[in-house]
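Novice: Sharing a structure here in structure tokens format.
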Amino acid sequence: MKTSTLRRHLMLSAAAFALGAGAANAQDCPIKIGGLAPLSAPGTVVGGEAMRDAMMIAEADINAAGGVLGCDIEVVIADTEGLPERAIAVMERLITQDGVVAVGGGYHSSVGVASKDVADARGIPVVFAETWNDTITGDKQKHIFRIAPLSSWTSNVNWQFALTLPGIEKVVILTENTDYGIPASQETAKGLESGGVASTIFSVDIGTQDYAGIVERIKAEDPDMIITLVTGEAAFNFTQQAADAGIGPMDLPFQTGQDALESGTYWTNVPDGQYAFVQRIGVPESQFTEKGRAFAAVYKEKTGKSDVESYAMEAYDSIAVLAQAMNEAGSTDGDAIVTALENISHEGTLGRIYFDYGLKRDPSEDGKGDEWWHQWPDPAITIIQFQEEGQASSEAAIVYPEAYKTAEPIWVNQ
């Protein structure tokens, strides 16, 4: 299907957002929606740029399909820098100065943890795109939703995969000292222990670039596997510096950061990155929905990339689901948007987005924890492996779990 045709499909799909809008409540046009993204260090700039581009595509598609409540939307992008104190300031600015009626995006868990209280207190709905910390939804705030997976869920996949590897007795976990890294490393270590595998955690500050000292300490541990829970360019640097020291992906089972999904940047920064494992949120591109394929084509054309990252798709969907909720609510009132979100069925790039639990039904009614409040329950989580040098992440082998597996993993230490 040609890209122009795919874009028309996105526009036609987005037309559903405009149904029922008509001349609903008089609005100041354009309707502004905030978009959180880390566009400066120490945040994950490659992730932030991907999310920004995706949210801009969402803006164009929604407006081409008729907008929201008779108005165009404007996505106001705010640079969080991946820092909690910055996140609080930009959320305040988006609401009080820019006049946004809702907020999407968000990459770092620390940003979600810090900024959600500001939005909830002011009655501004937020659909977080890529913030994993369980407490973001676990605090059960009225206006806070999430379409990324729970940190505990993604950690389970990491340690369960590690336990399938032959000869693994000791794992080193490198993590960042953030609201993502700390709980993720602890959950991973606990899971490994349940399977009889010892682990050692090394933590660094977000954005660390020089890992020489850490690499030597890790090397002294003589691990059978390394799991990397740092984000962005920092993960690239650690992976290559580990490879230079003889403990990289070609030397032992090595899981690098998920920003390797932008494989062009990964191979530029990690030329010795063959055989690395990467966690990916969402199904492989061969299994994308029609809307997912349409978005992927437009996104690749816009960015020149060979891959479409899961966090880009999450960012697109976070804006699109808010637009649909406003149209279905017939209003930009925060409480009305929340009601619409709690009842929504949105056909997104990642699949059908809905929220089982919230004001209408508490997670405890089904024996689930508070973290399932306003949490999309269906994101797929897979482990891929770059089995060929220079391989695109969209073409990499899916090695776990069995439901999505396309090839057997290559064990470099066997």
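None of the figures in this text is laboratory data; all of them are computed from the coordinates on show. Values in this document were obtained by computation on a predicted structure and should not be read as measured data. Using ideal geometry, Cβ is built from the backbone for each residue, glycine included, and neighbour counts are taken over all protein chains shown.
Novice: So for segment 116-271: antiparallel DSSP bridges make up what percent, rounded to the nearest 5?
Specialist: Values: 0 of 17 bridges.
That works out to approximately 0 percent antiparallel.
Novice: While we're looking at this one, here's another question. Might you report the magnitude of the Cβ-based charge dipole of the chain about its Cα centre, with Lys and Arg at +1 and Asp and Glu at -1, to the nearest 20 debye?
Specialist: 840 debye
Novice: Separate question: Please report the spacing between the Cα centers of segment 366-414 and segment 167-196 in Å, no decimals.
Specialist: About 17 Å separates the Cα centre of segment 366-414 from the one of segment 167-196.
Novice: Can I ask one more? Determine the percent antiparallel among the DSSP beta bridges restricted to the chain, to the nearest 5. Please list the in-between numbers first.
Specialist: On the way: 12 of 46 bridges.
Just about 25 percent of them are antiparallel.
Novice: May I pose another question? How long are the semi-axes of the equivalent ellipsoid of segment 119-158, defined as square roots of 5 times the Cα gyration tensor eigenvalues? Whole Å, largest first.
Specialist: Values: eigenvalues 97, 18, 6 Å².
Sorted largest first and rounded, they come to 22, 9, 5 Å.
Novice: Right, next: Have a look at Thr382, Ser393, Trp372 and report the one farthest towards the positive end of the charge dipole of segment 356-396, computed about the Cα centre with Cβ charges (Lys/Arg +1, Asp/Glu -1).
Specialist: Toward the positive end, the furthest listed residue is Trp372.
Novice: When the dipole is taken about the Cα centre of segment 218-338, and only Lys, Arg (+1) and Asp, Glu (-1) are charged at their Cβ, what size is it in debye, to the nearest 20?
Specialist: 340 debye
Novice: Can you check what the Kirkwood hydrodynamic radius comes to for the chain, Cα pairs only, in Å to one decimal?
Specialist: In the chain this quantity evaluates to 21.4 Å.
Novice: Here's another thing I want to ask about it. Using +1 at the C-beta of Lys and Arg and -1 at the C-beta of Asp and Glu, which of Gly264, Val127, Ala41 has the Cα lying farthest in the positive direction of the dipole of the chain?
Specialist: Working it through, the farthest residue towards the positive pole turns out to be Val127.
Novice: Whose amide H sits under 5 Å from the amide H of Thr200, counting only residues 5 or more places off or on another chain, with H placed in the peptide plane?
Specialist: Distant-sequence amide H within range of Thr200: Val171, Val172, Ile173.
Novice: For segment 368-414, what log10 I(q)/I(0) values come out of the Debye formula at q = 0.14, 0.21 1/Å, with one point per alpha carbon and no solvent?
Specialist: The calculated log intensity ratios at q = 0.14, 0.21 Å⁻¹ are -0.50, -0.75.
Novice: Which net charge results when you count Lys and Arg as +1 and Asp and Glu as -1 among the other residues whose beta-carbon is under 10 Å from that of Gln387?
Specialist: -4
Novice: Rg (Å, one decimal) plus Dmax (Å, integer) for the alpha carbons of segment 77-218?
Specialist: 17.5, 57
Novice: Here's a follow-up. What relative contact order, as a whole-number percentage, does segment 28-102 give when Cα pairs under 8 Å and 6 or more residues apart are counted? Can you show the working numbers first?
Specialist: Details: 117 pairs, mean separation 33.9, N = 75.
Once divided by the residue count of segment 28-102, the mean separation gives 45 percent.
Novice: Relative contact order for the chain using alpha-carbon pairs under 8 Å, separation at least 6, rounded to a whole percent?
Specialist: On the way: 972 pairs, mean separation 77.5, N = 414.
RCO, the chain: 19 percent.
Novice: Please give the per residue volume of the convex hull enclosing the alpha carbon atoms of segment 217-307, rounded to a whole number of Å³.
Specialist: 97 Å³
Novice: In 10 Å bins starting at zero, report the fraction of Cα pairs in segment 146-225 per bin as a rounded %.
Specialist: Taking every Cα pair in segment 146-225, the percentages come to 18, 47, 31, 4.
Novice: Long-range amide H contacts for Phe254: which residues qualify at under 5 Å (H placed 1.01 Å from N, peptide plane, sequence gap of 5 or more or a different chain)?
Specialist: Here Ile226, Phe277 satisfy the definition.
Novice: Using packing as a proxy for protection, rank 197-208, 172-183, 379-390, 103-114 so that the peptide with the highest average count of other Cβ atoms within 10 Å comes first.
Specialist: 103-114, 172-183, 379-390, 197-208
Novice: Modelled label-to-label distance, Lys170 and Asp370, 7 Å Cα→beta-carbon offset: nm?
Specialist: Those two pseudo-labels are separated by 3.9 nm.
Novice: Could you calculate the FRET efficiency of Lys190 with Asp335 from 1/(1 + (r/R0)^6), where r is the beta carbon distance between them and R0 is 45 Å, rounded to 0.05?
Specialist: 0.70
Novice: Choose one answer from Thr339, Thr289, Thr164: the residue with the largest mean-square fluctuation in a GNM of the chain with alpha-carbon springs under 10 Å.
Specialist: Thr164
Novice: What number, in percent, do you get for the relative contact order of segment 304-414 if the mean sequence gap of Cα pairs under 8 Å and at least 6 apart is divided by its residue count?
Specialist: Taking the mean separation of contacting Cα pairs over the length of segment 304-414, I get 17 percent.
Novice: In debye to the nearest 20, how big a dipole does segment 108-253 give about its Cα centre with +1 on each Lys and Arg Cβ and -1 on each Asp and Glu Cβ?
Specialist: For segment 108-253, the charge dipole is close to 580 debye.
Novice: I'd like the FRET efficiency for Asp98 and Glu285, computed as 1/(1 + (r/R0)^6) with the beta carbon distance as r and R0 of 25 Å, rounded to 0.05.
Specialist: For Asp98 and Glu285, the calculated efficiency is 0.10.
Novice: Based on C-alpha coordinates, I'd like the Rg and Dmax of segment 64-123, in Å.
Specialist: 12.5, 37
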